[in-house]
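Asker: What follows is a single structure, and I will ask about it in a moment.
The values are calculated or read from the model by the stated rules, or taken from the named source; none is laboratory data. Values in this document were obtained by computation on a predicted structure and should not be read as measured data. Note: ideal-geometry Cβ built from the backbone for every residue, glycine included; neighbour counts use all protein chains shown. For accessibility, only protein heavy atoms count, side chains too; no ligands or nucleic acids. Shrake-Rupley method; radii C 1.70, N 1.55, O 1.52, S 1.80 Å.
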Amino acid sequence: MNRFSLQIPPEYDSKDIKFIIQNHFKLSKKMMTRLKKDNGILLNGRKEFVTKAVHTGDTLLLSPPNEVSE
């Protein structure tokens, strides 16, 4: 899975990271849990809780863990 990046637009101002993951990126709760466990959620370059509110101009980066297929 590729990295996802979003510069927060005005319509997402004051929403939390969880809202954006579920509504903008359309990722499942299971994937969100994996991102959290693997430090794959960064807001402005820092690890944050998914309950953290974002603001216009912030940068949200999601880096899903690499999966090894055999």
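Asker: Can you list residue pairs whose Cβ atoms sit under 9 Å apart, with the first residue in region 4-21 being small (Gly, Ala, Ser) and the second being open to solvent by 80 Å² or more (accessible area, probe 1.4 Å) and in a loop (DSSP other than H, G, I, E, B)? Count only pairs 6 or more apart in sequence or on different chains.
Answerer: Ser14/His55
Asker: Mind counting the residues in region 32-42 that are in contact (Cβ under 8 Å) with a residue 24 or more places away in the chain, outside any loop (DSSP other than H, G, I, E, B) and closer than 24 Å to Asp13 by Cβ?
Answerer: 2
Asker: Condition check: surrounded by fewer than 14 Cβ atoms within 10 Å (Cβ to Cβ) and assigned to a strand (DSSP E or B). Does Ser5 satisfy that?
Answerer: yes
Asker: Here's a follow-up. Which of the residues belonging to region 43-70 are within 21 Å of Pro9 (Cα to Cα) and open to solvent by 50 Å² or more (accessible area, probe 1.4 Å)?
Answerer: Answer for region 43-70, where residues must be within 21 Å of Pro9 (Cα to Cα) and open to solvent by 50 Å² or more (accessible area, probe 1.4 Å): Asn44, Gly45, Arg46, Lys47, Phe49, Thr51, Lys52, His55, Thr56, Thr59.
Asker: Suppose we filter Lys26, Lys18 for residues that are basic (Lys, Arg), in a helix (DSSP H, G or I) and open to solvent by 80 Å² or more (accessible area, probe 1.4 Å); which single one remains?
Answerer: Lys18
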